[in-house]
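S.K.: Starting off with a structure, shown below.
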Amino acid sequence: MILKWRKHNLNTSDHTLSIFALGGVNEIGKNMYVIQSSDDIVVIDCGAKFPDESLLGIDLIIQDISFLKENKDKIRALIVTHGHEDHIGGIPYLLKQLNMPVYATNLTLGLIELKLKEHGLLRQTKLLLIDEESIVRLGTIRTTFFRTSHSIPDCLGIAFHTPQGTIVHTGDFKFDFTPVDNQSPDIHKMAELGQQGVLLLLSESTNAERPGSTPSERLVGDHIVDAFRDAPRKVFISTFASNVHRVQQVVNAAIKTNRKLALVGRSMVNVVSVAIERGYLEVPEGMLIESREVSAMDPEKVAILCTGSQGEPMAALSRLSSSNFRDIEVLPEDTVILAASPIPGNERSVSRIIDNLFLLGARVIYGSGTVTGMHVSGHACQEELKLMLTLMKPKYFIPIHGEYRMLHQHRILAESVGVKSNNIFIVNNGDVVDIVDGKAVQTRSVDSGNIFVDGFGIGDVGNIILRDRKLLSEDGMLVIVTTISKSQGKIISGPDTISRGFIYGPESEELIKEVNESVRATINKTRDFNRNQRELKQNIKKSIEKLLYSRTKRRPMILPIIIDI
Ligand SMILES: [Zn+2]
Ligand SMILES: [Zn+2]
């Protein structure tokens, strides 16, 4: 039985240890994990998730943090494993509701600062720099770190040493033994943690369905150089701005092929400047040019690094493909490289961009990274996941960071390397694993869920507004305004009907007239306006719905407005 605990009193004994996710399991995105040891709570990561088309007008999805609000006195820190959106995107919204110190590595802090600046939160937030050597004491929890490799520099795995035992959170990782920045994963440290004993491992599952190992990022570099060399005119290359290693390889390819480089797209410019500032990217003096300088240059001497590899409609690549970019044009015989695989769900918009680029006469290099060599994943495949499990030798295991099938595959991998099947927990967001006297059980859960961000609003847009938006987007709306006099018991003016997204043009006039007649009739039938306002509106709605459906087979939203004077 799952108990819903409204009052989260966990301070029953000094030895209580609890672990749960508020986001990130059974989904990709909005990662947030919580560890509570006695009265000390540590939050790991605070990501955001991007909505699909069904969530009309929603900008971002973040976590339900009711649990954290109810236990705010116990929160010691937010520790961030790395700077990807699914790990930092929710931070401004979290900090607006709950202030807490934020621990992260140098580059990650730089990316978090960009967000905090945008939200005006930089001054009031305590940002603390850590690296793989740091030891952070958070009440009863001693926290140490180990370096991992991933598709962004400066990633950490975390070990929480508690009175009950050690919990390890891997963060996102792969094992890249020839990393572009020569920062190899701390495999010795991981083995040492395993040697000392890991009570529970939380390990990411993104590529748990994929056999083998993920190739090194270094392989991409050679392919980029070849493509730059073969390009007869300008080269455009699009990738994730945060993939600083790939950006470095683009810079290197430009140097080798004697091209200047223009950065296009706000996030590319922002991230690259943070990466240069903090020493994660080496760009020779005079290498970068402004986008307005591109057209004046010899096309063989220029490359353009841009955002939009996921088909985002407002990003640079999409605008370039529809000749809708101010300073730069894609011309026949230009080369466009998509150096990123589309994330599931983005395939259609990416394909549309590729079509448009071909229409412009460009040579387009696109498709799966294994074919083009222009992309490798940042996540561990099955053999690497088994390596992590083998290094850590955990007693208990919770697969995280993935949809259900990925978690399930990760469980099978764990079993195959000797983790006892009863000691593996596949959890939902909010499900709590409690460890009491060294024994883990999952019997209760805390509040969790999706909170929608729309503009400045956090959580004010819910299912009712979304249902309305859906209705409006499908069949439009009709507003019927009538002014009545309560004392005289009659219509003073109207009904006037205004429609949007429903019908238009001369044919509609007849129908609108009919609507107004019907509303008039309904009002005239009503005796007591004072008492029956609500009922009157309901009656108008019902009769008009019926009328419109019989005439048009559409169901627009109907808003009767009665003004009484
Ligand atoms: Zn990541
Ligand atoms: Zn991630």
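S.K.: Just the residues that are touching a residue at least 12 places away in the same chain (Cβ under 8 Å) and either open to solvent by 10 Å² or more (accessible area, probe 1.4 Å) or among the aromatic types (Phe, Trp, Tyr) (or both), please, taken from the stretch 72-81.
M.R.: Scanning the stretch 72-81 gives 72, 74, 75, 76.
S.K.: Return only the number of the condition from (1) crowded, with 24+ Cβ neighbours inside 10 Å; (2) within 16 Å of ligand 2 (Cβ to nearest atom) that residue 190 does not satisfy.
M.R.: Evaluating residue 190 over (1) crowded, with 24+ Cβ neighbours inside 10 Å; (2) within 16 Å of ligand 2 (Cβ to nearest atom) leaves (2) as the failure.
S.K.: Now, a different point. Return the total of residues in the stretch 326-353 being surrounded by fewer than 18 Cβ atoms within 10 Å (Cβ to Cβ), outside any loop (DSSP other than H, G, I, E, B) and of a type outside the set (Lys, Arg).
M.R.: 3
S.K.: Quick one: in the stretch 37-61, of everything that is in contact with a Leu (Cβ under 6 Å, 6 or more places away or on another chain) and under 24 Å from residue 410 (Cβ atoms), which residue is farthest from ligand 1 (Cβ to nearest atom)?
M.R.: Out of the qualifying residues, it is 42.
S.K.: Quick check on the stretch 324-336. Is at least one of its residues under 27 Å from the mean Cα position of the chain (by Cα), aromatic (Phe, Trp, Tyr) and at pLDDT 95 or above?
M.R.: Among the residues of the stretch 324-336, not one is under 27 Å from the mean Cα position of the chain (by Cα), aromatic (Phe, Trp, Tyr) and at pLDDT 95 or above, which makes the answer no.
S.K.: Can you name the residue in the stretch 178-214 that is away from ligand 1 (no atom under 16 Å from the Cβ) and among the small types (Gly, Ala, Ser) and is also farthest from the chain's Cα centre (by Cα) among such residues?
M.R.: That would be 197.
S.K.: Kindly provide the set of residues from the stretch 266-278 that are open to solvent by 20 Å² or more (accessible area, probe 1.4 Å) and touching a residue at least 24 places away in the same chain (Cβ under 8 Å), ordered by number.
M.R.: Of everything in the stretch 266-278, those that are open to solvent by 20 Å² or more (accessible area, probe 1.4 Å) and touching a residue at least 24 places away in the same chain (Cβ under 8 Å) turn out to be 266, 267, 270, 277, 278.
S.K.: While we're on this one: Residue 152: closer than 24 Å to residue 376 by Cα, within 27 Å of the chain's Cα centre (by Cα), aliphatic (A, V, I, L, M) and within 16 Å of ligand 2 (Cβ to nearest atom), yes or no?
M.R.: Against the criterion (closer than 24 Å to residue 376 by Cα, within 27 Å of the chain's Cα centre (by Cα), aliphatic (A, V, I, L, M) and within 16 Å of ligand 2 (Cβ to nearest atom)), residue 152 qualifies.
S.K.: Can you spot a residue in the stretch 116-138 that is among the β-branched types (Val, Ile, Thr), away from ligand 1 (no atom under 16 Å from the Cβ) and in contact with a helix residue (DSSP H, G or I) (Cβ under 8 Å, 6 or more places away or on another chain)?
M.R.: Yes, that holds for at least one residue.
S.K.: Note down all Cβ pairs under 9 Å where the first residue falls in the stretch 537-553 and is in contact (Cβ under 8 Å) with a residue 60 or more places away in the chain, the second is among the aromatic types (Phe, Trp, Tyr), and they're at least six residues apart or on different chains.
M.R.: 548/502
S.K.: Would you be able to say whether some residue in the stretch 287-297 is under 27 Å from residue 222 (Cβ atoms) and of a type in the set (D, E, K, R)?
M.R.: no
S.K.: So, one more: With the checklist (1) away from ligand 2 (no atom under 16 Å from the Cβ); (2) of a type outside the set (A, V, I, L, M, F, W, C); (3) modelled with pLDDT of 95 or more in hand, flag the one item residue 181 doesn't pass.
M.R.: (3)
S.K.: Where in the stretch 156-254 are the strands (runs of 3 or more DSSP E), entirely inside, with at least 1 residues that are of a type in the set (A, V, I, L, M), closer than 18 Å to residue 382 by Cα and in contact (Cβ under 8 Å) with a residue 60 or more places away in the chain?
M.R.: Because the criterion is at least 1 residues that are of a type in the set (A, V, I, L, M), closer than 18 Å to residue 382 by Cα and in contact (Cβ under 8 Å) with a residue 60 or more places away in the chain, the strands (runs of 3 or more DSSP E) in the stretch 156-254 that meet it are 200-204.
S.K.: Considering the stretch 26-49 alone, what residues qualify as being within 16 Å of ligand 2 (Cβ to nearest atom) and in a strand (DSSP E or B)?
M.R.: Answer for the stretch 26-49, where residues must be within 16 Å of ligand 2 (Cβ to nearest atom) and in a strand (DSSP E or B): 27, 32, 33, 43, 44, 49.
S.K.: Also: Counting only residues that are among the polar types (S, T, N, Q) and under 15 Å from residue 83 (Cβ atoms), how many does the stretch 137-159 have?
M.R.: Adding up the residues that qualify gives 3.
S.K.: Mind listing whichever residues of the stretch 382-421 are assigned to a helix (DSSP H, G or I), open to solvent by 70 Å² or more (accessible area, probe 1.4 Å) and closer than 18 Å to residue 174 by Cα?
M.R.: Those that are assigned to a helix (DSSP H, G or I), open to solvent by 70 Å² or more (accessible area, probe 1.4 Å) and closer than 18 Å to residue 174 by Cα: 383, 390.
This table checks each residue for (1) of a type outside the set (Lys, Arg); (2) away from ligand 2 (no atom under 16 Å from the Cβ); (3) touching a residue at least 12 places away in the same chain (Cβ under 8 Å); (4) farther than 30 Å from residue 176 by Cα.
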| residue | (1), (2), (3), (4) |
| --- | --- |
| 323 | yes, yes, yes, yes |
| 335 | yes, yes, yes, no |
| 342 | yes, yes, yes, no |
| 362 | yes, yes, yes, yes |
| 365 | yes, yes, yes, no |
| 369 | yes, yes, yes, no |
| 384 | yes, no, yes, no |
| 393 | no, yes, yes, no |
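To keep it simple, each residue is scored yes or no on (1) under 30 Å from residue 426 (Cα atoms); (2) more than 16 Å from ligand 2 (Cβ to nearest atom); (3) of a type outside the set (A, V, I, L, M, F, W, C); (4) modelled with pLDDT under 95.
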| site | (1), (2), (3), (4) |
| --- | --- |
| 108 | yes, no, yes, no |
| 157 | yes, no, yes, no |
| 166 | yes, yes, yes, no |
| 208 | yes, no, no, no |
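S.K.: Now a separate question. Which ones in the stretch 206-222 are polar (S, T, N, Q) and closer than 19 Å to residue 239 by Cα?
M.R.: 214, 216
S.K.: Sticking with this one: Identify the residue in the stretch 107-154 that is assigned to a loop (DSSP other than H, G, I, E, B) and of a type in the set (Asp, Glu) and, among all such residues, is surrounded by the most Cβ atoms within 10 Å (Cβ to Cβ).
M.R.: Filtering first and then ranking leaves 154.
S.K.: Residues to consider are 493, 518, 499; find the one that is among the hydroxyl-bearing types (Ser, Thr, Tyr) and surrounded by fewer than 16 Cβ atoms within 10 Å (Cβ to Cβ).
M.R.: Matching residue, one of 493, 518, 499: 493.
The values are calculated or read from the model by the stated rules, or taken from the named source; none is laboratory data. This structure is a prediction, so every number in the text was calculated from the model and none was measured. FYI the Cβ positions are ideal-geometry reconstructions off the backbone, even for glycines, and counts take in every protein chain you see. Surface accessibility is based on the protein's heavy atoms, side chains included, excluding ligands, DNA and RNA. Shrake-Rupley method; radii C 1.70, N 1.55, O 1.52, S 1.80 Å.
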